[in-house]
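Working notes for the structure below.
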Amino acid sequence: MNDLKTPDAAKARLLELIREHALLKDGDFVLASGAHASTYVDLRRVTMHPEGARLIGGMLAPRLASAGITAVGGMATAAIPVVSAVVMASAETDHPIRGFYVRDKAKTRGTQRQIEGQLEPGDTVALLEDTMTTGGSTMTAVEAVREAGSSVAQVITVVDRQQGGAALYRDAGIPFDALVTLDDINAG
């Protein structure tokens, strides 16, 4: 699935890609939470990079399969490349995982769905995010998945900005993890 044989090697390479392609410093960036930050991680520059997508999918698919996850999803648009990477990586395993995404609100035309893709009632779901600050956006997906009759087993972000997301999910009783943190990125 990926050429990096150990989790530590995969994490190290992911950090290199983030620093090379996605890390912006010394600016005034407004985050989805509304907070301002001087450092911004434009992670779509990694999740939509061929090696980045392959690496992220390769890191996540096996651990999600071993946890019994049947579908992965997240909020449009940030989670879509991460979800797609996992779906593609899982297709090469004995445990294919379906994907979906959640809109802020249901469409007013066509199918009028809030959830698009391959979520089915009874699925055991992992919600994915590219970069998490407070976790509020993904909580919208938690609510939508539960309303659709599925359970949220965990939330995983590629980058945790360490500004409240982990605590939000801990307080909600949902296991949370990150592939890397902002501290990891800044340490290099």
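Taking segment 1-51 as the region of interest, how many residues are of a type outside the set (A, V, I, L, M, F, W, C) and part of a loop (DSSP other than H, G, I, E, B)?
Quick first cut of segment 1-51, residues of a type outside the set (A, V, I, L, M, F, W, C) only: 2-3, 5-8, 11, 13, 16, 19-21, 25-28, 33-34, 36, 38-40, 42, 44-45, 47, 49-51.
Now drop any that are not part of a loop (DSSP other than H, G, I, E, B), which leaves 2-3, 5-6, 25-28, 33-34, 38-39, 42, 49.
Matching residues across segment 1-51 total 14.
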Which listed residue is of a type outside the set (Asp, Glu), part of a loop (DSSP other than H, G, I, E, B) and surrounded by fewer than 20 Cβ atoms within 10 Å (Cβ to Cβ), from Arg170, Arg113, Arg146
Arg113
Failed condition for Ala53, given (1) within 27 Å of Val145 (Cβ to Cβ); (2) over 12 Å from the mean Cα position of the chain (by Cα); (3) small (Gly, Ala, Ser)
(2)
Here are Val87, Val82, Val125: which of them is farther than 16 Å from Val158 by Cβ, at pLDDT 95 or above and either assigned to a strand (DSSP E or B) or in contact with a helix residue (DSSP H, G or I) (Cβ under 9 Å, 6 or more places away or on another chain) (or both)?
Val125
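Would you be able to say whether some residue in segment 83-100 is surrounded by 23 or more Cβ atoms within 10 Å (Cβ to Cβ), touching a His at 6+ places or on another chain (Cβ under 9 Å) and under 17 Å from Leu179 (Cβ atoms)? Spell out how you get there, then give the answer.
Just the residues of segment 83-100 that are surrounded by 23 or more Cβ atoms within 10 Å (Cβ to Cβ), to begin with: 83, 85-86, 89-90, 97, 99-100.
Still in the running and touching a His at 6+ places or on another chain (Cβ under 9 Å): none.
No: zero hits.
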So Leu127 passes all but one of these: (1) within 15 Å of the chain's Cα centre (by Cα); (2) over 18 Å from Ser33 (Cβ atoms). Which condition number does it fail?
(2)
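Going by the structure shown, is Val72 within 20 Å of Gly135 (Cβ to Cβ) and either among the polar types (S, T, N, Q) or in a helix (DSSP H, G or I) (or both)? So that I can check it myself, show each step before the final result.
Numbers: within 20 Å of Gly135 (Cβ to Cβ): yes; either among the polar types (S, T, N, Q) or in a helix (DSSP H, G or I) (or both): no.
Here the answer is no, as Val72 does not meet what is asked.
The values are calculated or read from the model by the stated rules, or taken from the named source; none is laboratory data. Please read all numbers here as calculations on a predicted model, not as lab measurements. Neighbour counts run over all protein chains shown; Cβ positions are idealised from the backbone, glycine included.
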